[in-house]
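Visitor: Just passing along the structure, written as structure tokens.
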Amino acid sequence: MQNVNTMKPSERMKIARQHSIEQEASERKKNFLEVSFGLNEERALIEAKRCLECKNPVCTEGCPVGIDIRSFVQLILQKDYVGAVQKIRETNYLPAICGRVCPQETQCEQICTMGKKHEPVAIGKLERFVADFELANNLFHPPTITERQEEKVAIVGSGPAGLTCAAELGKRGYQVTIFEALHGIGGVLRYGIPEFRLPKKILDIEAERIQALGVKIYTNFLVGRTATIDELFDEWKFDAIFLGTGAGTPSFMGIPGENLSGVYSANEFLTRTNLMKAYSFPEYDTPIRIGQQIAVIGGGNTAMDAVRTAKRLGAERAYLIYRRSREEMPAREEEIHHAEEEGIEFLLLTNPTKILGDKNNWVNGIECLKMELGEPDDSGRRKPVAINDSEFVIPVQTVIEAVGQKPNPIIQQTTSGLNVGKRGTVVVNDVQQTSREGIFAGGDLTRGGATVILAMGDGKIASEAIHKYLQEKKSPKKNGELKIENEVLATGAK
Amino acid sequence: MYLITHKEKLSPTITKYVVKAPFIAPKRKAGNFVILRVEEHGERIPITIVDSDTNAGTITLIVQAIGKTTKLLATKNVGDSILDVVGPLGNPTPIENHGAVVCIGGGVGTAEMLPIAKALKKAGNTIYTIIGARSKELIILENEMKEFSDKTFITTDDGSYGKKGVVTDQLKDLLDAPLGISAVYAIGPLPMMKFVSLLTKQYNVHTLVSLNAIMVDGTGMCGGCRVTIGGEMKFACVDGPEFDGHHVDFDEMIMRSRSYLDMEKISDELFTTQHQCQLEK
């Protein structure tokens, strides 16, 4: 491909990385509006000029769905923003979501050539810019479906894995139906990720766009209960099924006091706020309780979402308690940084041992131990070790545990022949196929708790595999002629 | 949208609704529940499925109007719809032939007991039913329960109907009599289930109770409904809703169920003020 930018590489390197326009921390910690407004057109054009247009664009290899990053950045340079977003949509149907929640710093931007000596190109922000441009100017057109397939595919769960798999199969012309247990689609994008990081309006629009491909959506349908997997095959006559039911069952630490009133799993706390809009109580009926002092336990993105939500709900002091140091935190740097800006108090190298309550069974404190870092453990991170006699108590009236999630077991329990791993995850091969014919799976259900984009990558790989499976089933002789997009299979992060 | 096809008042505050839910109707078993959300701004609440009609594709719900959401539901009429209904949720009641069993329904809990008594009868049990309530007007489904019961007893706190007293008085008489009672199923207010369980423990009679914990999703996702059973954490929505009454930590559950009382009151008062005329109808 020809270079579009006439500037020399040395000139491009002199341009500073452009930053998003953001709500001031002092203001945003009082509201649920989006923190970042993204890049404006001027900044996006400057940022696009920083791309070195590498002959071998390694950035694409860092993308779990294999977006042609160089091409879409070149289209931005030519001010063809719609062309750019269409280029992205060839491989990723949900750019407005990915541009907001993907951890680009550990993916495409981590291996960006510009990033070797300077700051990497802000690929994620450019993705968001074109997606938002298309949305603001109402320029979306569904891709034309050239060939209709008669096979029916069921997608169980409408989170990032399921939505991606549904969109890809929809584009290929299959008869796709999504089954969602909650009353709104999106899975963790709806119940987990707060409004201030991903406005639910964006999700509603993406859902409409998936329906524009002919995909049917049933909400309030809990597969395993409303209909089992076997019934989806035998009675509903689906030819293949993709399971993307996520990791929705919360884990608890197992310390005394967890059943006191005022103790939430992060899942419950975020579901009440995001799905049920408890921040607008009593305009919305679902209540949520926030103390003047609150503590969130954990160091992942869910913990950051919970503690920043608690601050917005009115907590005067919001503590984040994490047993290792800041360096070991699994949360995205951007989320940690935003939390710090918003006045979240980090209690690092601190491990809760007991939740304390008053005579009415309400939380009134949390007892913790000070920790120090010892030898590295299996994960390579240095293991926290308790310091003797270092107990101390922090007064809090709300405790939120964000210490991990497991897959919901309902489908595994009601489906025979499905291999299930140690932590309740469904076992899949390299193309997301499960141990049972015709059933594919991906996302947190198979990973046990990862990121939105990895789930989308799985959904995409599964869509290729389902296509191959259905075509081979239809005409076994044509095996050799099938054009499977192997590069996607090869680049899919595992 | 889930259409209300039939509505009937069973008492001044307890209403029976037949709701179109064609996917749920053929799948539901005794003990299953649904989570419903009446309107867009509404909360999700668990309601036990009392009956279903596979041919008509309907389920029957019996609901007491005690708070905002249940009062809002009571303003809906035949032809109106409930926005969201998901189910059937929870594990079905384990039904076996115990010989002689006591089925206890307290207040609106009688509605939840009805399908269980029906299934237990079908399994060959001799059924002794106790229906209890504060007063006569809250005694519901007496005739329906009688249909599946070998003997039915009524108790009211104020003595306005049946025997004056509480269900445990009647239960003690049954346990003391030579009837060979080998299991007790109890559904009603938490204190009732607590005292039933305490009593049957003395007699070492297996007791099953249904825990109506605070829930959001009802599918095992939020953990809001966690209860302590024999010292272990369980989720009422996916591990229950029925548990061995002798192992339930009722005191903790009672405390947890009061977590939002003040906010529930705010919602209720706001709603009652806004809908005074509709509620009086």
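The values are calculated or read from the model by the stated rules, or taken from the named source; none is laboratory data. Keep in mind the model is a prediction, meaning the values are calculated, not measured. Heads up, the Cβs are rebuilt from the backbone with ideal geometry, glycines too, and the neighbour counts pull from every protein chain shown. Accessible surface areas use protein heavy atoms only, side chains included; no ligands, DNA or RNA. Shrake-Rupley method; radii C 1.70, N 1.55, O 1.52, S 1.80 Å.
Visitor: Can you tell me which of A:228, A:164, A:144 is of a type outside the set (A, V, I, L, M), open to solvent by 40 Å² or more (accessible area, probe 1.4 Å) and out of contact with any Leu (no Cβ under 6 Å at 6 or more places or on another chain)?
Guide: Going through A:228, A:164, A:144 in turn, the sole match is A:144.
Visitor: Moving on. Regarding region B:70-77, can at least one residue be identified that is more than 30 Å from residue B:169 (Cα to Cα) and touching a Lys or Arg at 6+ places or on another chain (Cβ under 8 Å)?
Guide: Taking every residue of region B:70-77 in turn, at least one turns out to be more than 30 Å from residue B:169 (Cα to Cα) and touching a Lys or Arg at 6+ places or on another chain (Cβ under 8 Å).
Visitor: Is there a residue in region A:207-214 that is modelled with pLDDT under 95 and acidic (Asp, Glu)?
Guide: yes
Visitor: Looking at A:391, A:327, which is the one that is acidic (Asp, Glu), farther than 17 Å from residue A:264 by Cα and within 22 Å of the chain's Cα centre (by Cα)?
Guide: A:327
Visitor: Among B:73, B:120, B:61, B:36, which is the only one that is more than 24 Å from residue A:230 (Cα to Cα), open to solvent by less than 10 Å² (accessible area, probe 1.4 Å), at the interface with chain A (Cβ under 10 Å from one of its Cβ atoms) and not in a loop (DSSP other than H, G, I, E, B)?
Guide: Unique residue meeting the criteria: B:36.
Visitor: For region A:241-268, which positions are surrounded by 24 or more Cβ atoms within 10 Å (Cβ to Cβ) and more than 7 Å from chain B (Cβ to nearest Cβ)?
Guide: Within region A:241-268, A:241, A:242, A:243, A:244, A:245, A:246, A:247, A:263, A:264, A:266 qualify.
Visitor: What is the residue count in region B:4-28 for residues that are more than 19 Å from residue A:181 (Cα to Cα) and either open to solvent by 60 Å² or more (accessible area, probe 1.4 Å) or among the hydroxyl-bearing types (Ser, Thr, Tyr) (or both)?
Guide: Residues in region B:4-28 being more than 19 Å from residue A:181 (Cα to Cα) and either open to solvent by 60 Å² or more (accessible area, probe 1.4 Å) or among the hydroxyl-bearing types (Ser, Thr, Tyr) (or both): 9 in total.
Visitor: Ok, one more. Among the residues of region B:76-92, which ones are surrounded by fewer than 22 Cβ atoms within 10 Å (Cβ to Cβ) and not acidic (Asp, Glu)?
Guide: Within region B:76-92, B:76, B:77, B:78, B:79, B:81, B:83, B:91, B:92 meet the criteria.
Visitor: Just name the residue that is surrounded by the most Cβ atoms within 10 Å (Cβ to Cβ) out of those in region A:336-351 that are of a type in the set (A, V, I, L, M) and closer than 17 Å to residue A:34 by Cα.
Guide: Within region A:336-351, the match that is surrounded by the most Cβ atoms within 10 Å (Cβ to Cβ) is A:339.
Visitor: Let me spell it out: the conditions are (1) buried (at least 22 other Cβ atoms within 10 Å of the Cβ); (2) facing another protein chain (nearest Cβ under 8 Å), and residue A:289 meets all of them except one. Which number is the exception?
Guide: Condition (1) is where residue A:289 drops out.
Visitor: Let me ask another. Based on what the data block shows, is residue A:163 touching a helix residue (DSSP H, G or I) at 6+ places or on another chain (Cβ under 8 Å), modelled with pLDDT of 95 or more, more than 28 Å from residue A:237 (Cβ to Cβ) and not small (Gly, Ala, Ser)?
Guide: no
Visitor: Does any residue of region A:324-337 turn out to be free of Cβ contacts under 8 Å to residues at least 60 places away in the same chain, within 8 Å of chain B (Cβ to nearest Cβ), outside any helix (DSSP H, G or I) and of a type in the set (Ser, Thr, Tyr)?
Guide: no
Visitor: Here is a further query. So, residue B:248, is that one crowded, with 23+ Cβ neighbours inside 10 Å, within 19 Å of the chain's Cα centre (by Cα) and more than 10 Å from every other protein chain (Cβ to nearest Cβ) or not?
Guide: Yes, satisfied.
Visitor: Would you check if residue A:277 is at the interface with chain B (Cβ under 10 Å from one of its Cβ atoms) and open to solvent by 10 Å² or more (accessible area, probe 1.4 Å)?
Guide: When the stated conditions are applied, residue A:277 passes them.
Visitor: Now a separate question. Checking residue A:30 against (1) open to solvent by 70 Å² or more (accessible area, probe 1.4 Å); (2) closer than 21 Å to residue A:130 by Cα; (3) touching a residue at least 12 places away in the same chain (Cβ under 8 Å): exactly one of these is not met. Which one?
Guide: (2)
Visitor: For region A:80-135, what are the residues that are touching a strand residue (DSSP E or B) at 6+ places or on another chain (Cβ under 8 Å) and among the hydrophobic types (A, V, I, L, M, F, W, C)?
Guide: A:129
Visitor: Could I ask something else about it? Check off (1) more than 14 Å from chain A (Cβ to nearest Cβ); (2) under 21 Å from residue B:185 (Cα atoms) for residue B:91 and give me the number that stays unchecked.
Guide: The failed condition is (1).
Visitor: Does residue B:264 qualify as being within 13 Å of chain A (Cβ to nearest Cβ) and either at pLDDT below 95 or open to solvent by 80 Å² or more (accessible area, probe 1.4 Å) (or both)?
Guide: Yes: the conditions hold for residue B:264.
Visitor: I need every pair where a residue in region B:222-234 that is more than 7 Å from chain A (Cβ to nearest Cβ) has its Cβ under 6 Å from the Cβ of a residue that is aromatic (Phe, Trp, Tyr) and not in a loop (DSSP other than H, G, I, E, B), sequence separation at least 6 or different chains.
Guide: B:225/B:235; B:229/B:243
Visitor: So in region B:204-221, with the set limited to residues that are away from chain A (no Cβ under 14 Å) and without any contact (Cβ under 8 Å) to a residue 40 or more places away in the chain, which one is most open to solvent (accessible area, probe 1.4 Å)?
Guide: B:204
Visitor: With the condition being of a type outside the set (A, V, I, L, M, F, W, C), within 14 Å of another protein chain (Cβ to nearest Cβ) and within 17 Å of residue A:299 (Cα to Cα), I'd like the strands (runs of 3 or more DSSP E) fully within region A:354-415 carrying at least 1 qualifying residues.
Guide: A:398-401
Visitor: Out of A:249, A:177, report the one residue that is more than 30 Å from residue B:254 (Cβ to Cβ) and within 24 Å of the chain's Cα centre (by Cα).
Guide: From the options A:249, A:177, the qualifying one is A:177.
Visitor: Contact list please: Cβ distance under 7 Å, first residue in region A:190-205 and away from chain B (no Cβ under 14 Å) and open to solvent by 20 Å² or more (accessible area, probe 1.4 Å), second residue of a type in the set (Lys, Arg) and assigned to a helix (DSSP H, G or I), pairs at least six apart or on different chains.
Guide: So the pair list comes out as A:197/A:100.
Visitor: Okay, moving on. Identify, please: which residue in region B:200-224 is touching a Gly at 6+ places or on another chain (Cβ under 8 Å) and of a type in the set (A, V, I, L, M, F, W, C) and is, among those, nearest to residue A:403 (Cα to Cα)?
Guide: B:221
Visitor: Return yes when residue B:239 is under 19 Å from the mean Cα position of the chain (by Cα), acidic (Asp, Glu) and facing another protein chain (nearest Cβ under 9 Å) and no when it is not.
Guide: Judged against the criteria, residue B:239 is not a match.
Visitor: Additional query: Quick one: in region B:39-58, which of the residues that are part of a loop (DSSP other than H, G, I, E, B) and out of contact with any Leu (no Cβ under 8 Å at 6 or more places or on another chain) is surrounded by the most Cβ atoms within 10 Å (Cβ to Cβ)?
Guide: Residue satisfying both the conditions and the ranking: B:43.
Visitor: Between A:414, A:398, which is modelled with pLDDT of 95 or more and of a type in the set (Ser, Thr, Tyr)?
Guide: Result of the check over A:414, A:398: A:398.
Visitor: How many of the residues making up region B:152-168 are in contact (Cβ under 8 Å) with a residue 24 or more places away in the chain and surrounded by fewer than 18 Cβ atoms within 10 Å (Cβ to Cβ)?
Guide: Selection size over region B:152-168: 4.
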